[in-house]
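First the structure, in the form of structure tokens, and then the observations on it.
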Amino acid sequence: MATPDPHTAKLLKRRYRAERRFKALCIGALSFAVAFLVLFFADIISKGYPAFQQTKIQTEVTYSERSVELPLAAVGEDVRYLVSRGFLRQIPDQVERDPDLMGRTVTRWVTADTDVDQYLKGKHSKLSEEDEQIVDRLAEEGRAELAFNWSLFTAGDSTMPEMAGIRSAVVGTLFTLLVTMLVSFPVGVMTAVYLEEFAPDNRLTRAIEVNINNLAAVPSILYGLLGLAVFINFFGVPRSSALAGGLTLALMTLPIIIISTRAALRSVPDSIREGAFGVGASRLQMVAHHVLPLSLPGILTGSIIGLAQAMGETAPLLIVGMMAFIPASPDGVMDAATVLPAQIFSWASRPERAFAELTAAGIIVLLVVLLTLNAAAVLLRKRFERRW
Amino acid sequence: MTSGQAALLFFGGLFPLMALAYMLGRRRVLAQEATAPLHSRPGFYGWYAVVWLALPALVVALGATLLQLLGLASPPAPMTLTASLLVAAGGLALALRTLRPSLRARNIVEGVARWLLLAASLVSILTTLGIVLSILFEAIRFFQTVSIWEFLTGTTWSPDTAFLGGAGREGGESAQFGSVPLFAGTFMITAIAMVVALPVGLLSAIYMSEYAPKRVRAAAKPTLEVLAGIPTVVYGFFAAITVSPLVVQLAGYVGLDASHSNALAPGVVMGVMIIPFVSSLSDDVISAIPHSLREGSFALGATTSETIKQVLLPAALPGVIAAFILAASRALGETMIVVMAAGLRPNLTANPLEDMTTVTVRIVDALTGDQEFDSPQTLSAFGLGLMLFIVTLVLNMISMYVVRRFHEKYD
């Protein structure tokens, strides 16, 4: 091989350097995105995991006439201001539910006040020095400790962070998604079947197609304005209800379901259709007996992804009023309800530090559910993917 | 009985009745099978009965609902319910009487099914119409009190004084609805987002399609897609709680003064949110370029990066531009991140470290307050929504046009 002249060699070197530079730039871009993701998860998890634990204090609870009237008197004087006022408020209820308790003294683990909780978790708290000493003593005696925060999952929203949980938001989410699914899935699949298998190529069909593509790109908050003006103000659906939110989300999810269903239908080869026609099936039979069953995994994958997206959506739900303070779980789709993302949003705007923890914990729960749904969709696709 | 309960009873009753009708129709025709051969499969006769049962009932129920909504008449719910069920029973009786083996049940049922499918696909048109009309009507009411010209060119947005004025408090200045600072804030945050998303998304896509070994690509693609699956409220929390203080701190190191609700934090986070969008669209475009183009370039002695810069990118440009425009329209309409991390104060400035507000923030603010629905403050949300709709629609149209106009034909 001939040695290149110095000029060419220099040029070549420069070109190779440019090559390496460009490749590094590309890797850098990808690493930036991945680094953000890592930082993001680390940040959310470190902020949220303390909320999965909650300080409990072991103390004697006295159920008596006096403590029903003045719940503060139910617990010993030393811990009186350390246990959660939310727990004390429940004492009359507890007696009412279980009259046998009356006149007895029970040793129980009681939810601590949020300041005690923050102090034991080593964060800044508003406890007086005296109280801090008491808490230290209790902790040493094993009468105050961090336990798994079950009430995070069993309680509804509360103004006291130690009593607040996601239960009512989870129930609201289920109702809302149920409405979304019942409306958007059949309508979406029917639309896709019509466009893909039945529609003649005319103006109306093309209008519907352009429309669906446009709808997919309409900002979600505008669906909120639609829901407010049409469902709530015109049709009189109750504000903040799962029905209003679910219908709004259904219209938003519709384009996603239609587009993915069409792709699934299109992936079924024409030979199947011709085979069905060949044995005398009508068009409807061909679709119902052959094409739809074969494309079902693809349709389900798209629908799961669409529903997962609807589940994380907040903006349109704020507009239709689903940010209300809902301590008790809704009983039906007409009741005022809130959803998990809206709950996260309303917790995020509360000033107490403990609510930031709860917000991050709610986010962890939401992300786990969403990532599971997405993973399920991917698995479903992998499992049933078919090459024709 | 509320209309909700009536609706529940109606649908709760309709489905068992439909099952019953199916069985009756099917059995009736099978009993007659001996007299003549069936035209259709027996199930179609069942469906024929179902159609005769359900369609009249639905028509009556929908008609009554419509009458009530339009305020023409308000039949009590129990009456509507009874009437629709009676009609259903009548329809079923009629269907059973007309059932004969020679009836072309399949053709009738399939005709109805086809109409149903068409009706379903009209829902998307109705949705668009609903969005346009509902926003337009309320916006018109808004523009009756505020001139469009002032709305489009005014540089002061202070709707709150309208509320005070409405409450009978004198002395405050009249409300001003100049949307320029809102749109300036929106475009500023969108621009920051695009500065992040475009290079990162595009270069990631290039790396994944041109450089990466198969295994890296198989891992990197779903990882990027996780970014797209994170709800915006979560990004908003992250931007407000983690990124904003970081920006303030970093600005402090270099001696700059950053507001706590600066525009940079939501912009950057929004950019990250859009990365998978840009990268997957660019990836599609780049991998659609045929291999012969790359091979031709390599054969001339070009390096990979030269091939990318001088062959692939020019070929992919229309698609990339379309992706870029779509991403920008998504950023313009993004709500939760800016609601949580950007400010509420309309601020006409070019400094991304200052706080500024966006169109979507003001929409949410106007509709989550305690104002009555008819106040100009509340209606302003629809004026802003209309503008947002028009801007994003135009961007989508441009993007579709670019794709169609510059679509490369390689063969």
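Residue-by-condition table, conditions (1) open to solvent by 30 Å² or more (accessible area, probe 1.4 Å); (2) in contact with a Pro (Cβ under 6 Å, 6 or more places away or on another chain); (3) over 28 Å from A:M334 (Cα atoms):
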{"residue": "B:Q5", "(1), (2), (3)": "yes, no, no"}
{"residue": "B:S40", "(1), (2), (3)": "no, no, yes"}
{"residue": "B:V50", "(1), (2), (3)": "no, no, yes"}
{"residue": "B:A54", "(1), (2), (3)": "no, no, no"}
{"residue": "B:T65", "(1), (2), (3)": "yes, no, no"}
{"residue": "B:L70", "(1), (2), (3)": "yes, no, no"}
{"residue": "B:T80", "(1), (2), (3)": "no, no, no"}
{"residue": "B:L96", "(1), (2), (3)": "no, no, yes"}
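When B:I230, B:I206, B:I192 are screened for being touching a Cys at 6+ places or on another chain (Cβ under 8 Å) and open to solvent by less than 50 Å² (accessible area, probe 1.4 Å), only B:I206 passes. Going by the structure shown, is B:L246 closer than 30 Å to A:R17 by Cα and open to solvent by 20 Å² or more (accessible area, probe 1.4 Å)? It is false that B:L246 is closer than 30 Å to A:R17 by Cα and open to solvent by 20 Å² or more (accessible area, probe 1.4 Å). In summary, A:D331 fulfils each of the numbered conditions (1) outside any loop (DSSP other than H, G, I, E, B); (2) more than 14 Å from the chain's Cα centre (by Cα) with the single exception of condition (1).
When restricted to residues that are closer than 23 Å to A:F325 by Cα, facing another protein chain (nearest Cβ under 7 Å) and not in a helix (DSSP H, G or I), the range A:218-259 contains 0. Identification of helices (runs of 4 or more DSSP H) wholly contained in the range B:208-269 with 3 or more residues that are within 30 Å of B:E306 (Cβ to Cβ) and facing chain A (nearest Cβ under 10 Å) yields B:214-229. Between B:R100, B:R104, B:R114, the distinction of being basic (K, R) and touching a Phe, Trp or Tyr at 6+ places or on another chain (Cβ under 7 Å) belongs to B:R114 only. Contact annotation: residue pairs with Cβ atoms under 6 Å, 6 or more positions apart or on different chains, pairing a residue in the range B:110-133 that is within 13 Å of A:A207 (Cβ to Cβ) with a partner that is β-branched (V, I, T), are B:S121/A:T191; B:S121/A:I208; B:S124/A:I212. Checked across the range B:373-396, the condition of being of a type in the set (D, E, K, R), assigned to a loop (DSSP other than H, G, I, E, B) and farther than 14 Å from B:G333 by Cα holds for at least one residue. Based on this model, can you work out whether B:G319 counts as more than 25 Å from B:T128 (Cβ to Cβ) and either without any contact (Cβ under 8 Å) to a residue 12 or more places away in the chain or small (G, A, S) (or both)? It is true that B:G319 is more than 25 Å from B:T128 (Cβ to Cβ) and either without any contact (Cβ under 8 Å) to a residue 12 or more places away in the chain or small (G, A, S) (or both). Taking the listed residues A:I166, A:I134, the one that is out of contact with any Cys (no Cβ under 7 Å at 6 or more places or on another chain), under 14 Å from A:L82 (Cα atoms) and either open to solvent by 20 Å² or more (accessible area, probe 1.4 Å) or modelled with pLDDT of 85 or more (or both) is A:I134, with no other qualifying. Looking only at the range A:276-296, decide whether some residue is assigned to a helix (DSSP H, G or I), away from chain B (no Cβ under 11 Å) and closer than 30 Å to A:S241 by Cα. Among the residues of the range A:276-296, not one is assigned to a helix (DSSP H, G or I), away from chain B (no Cβ under 11 Å) and closer than 30 Å to A:S241 by Cα, which makes the answer no. All of (1) within 36 Å of the chain's Cα centre (by Cα); (2) away from every other protein chain (no Cβ under 14 Å); (3) in a helix (DSSP H, G or I) hold for A:L30 with one exception: (2).
The values are calculated or read from the model by the stated rules, or taken from the named source; none is laboratory data. Everything quoted here is computed from the prediction, not taken from an experiment. All Cβ positions, glycine included, derive from the backbone under ideal geometry; neighbour counts span all protein chains shown. Just so you know, the surface numbers come from the protein's heavy atoms only, side chains and all, with ligands and any DNA or RNA stripped out. Shrake-Rupley method; radii C 1.70, N 1.55, O 1.52, S 1.80 Å.
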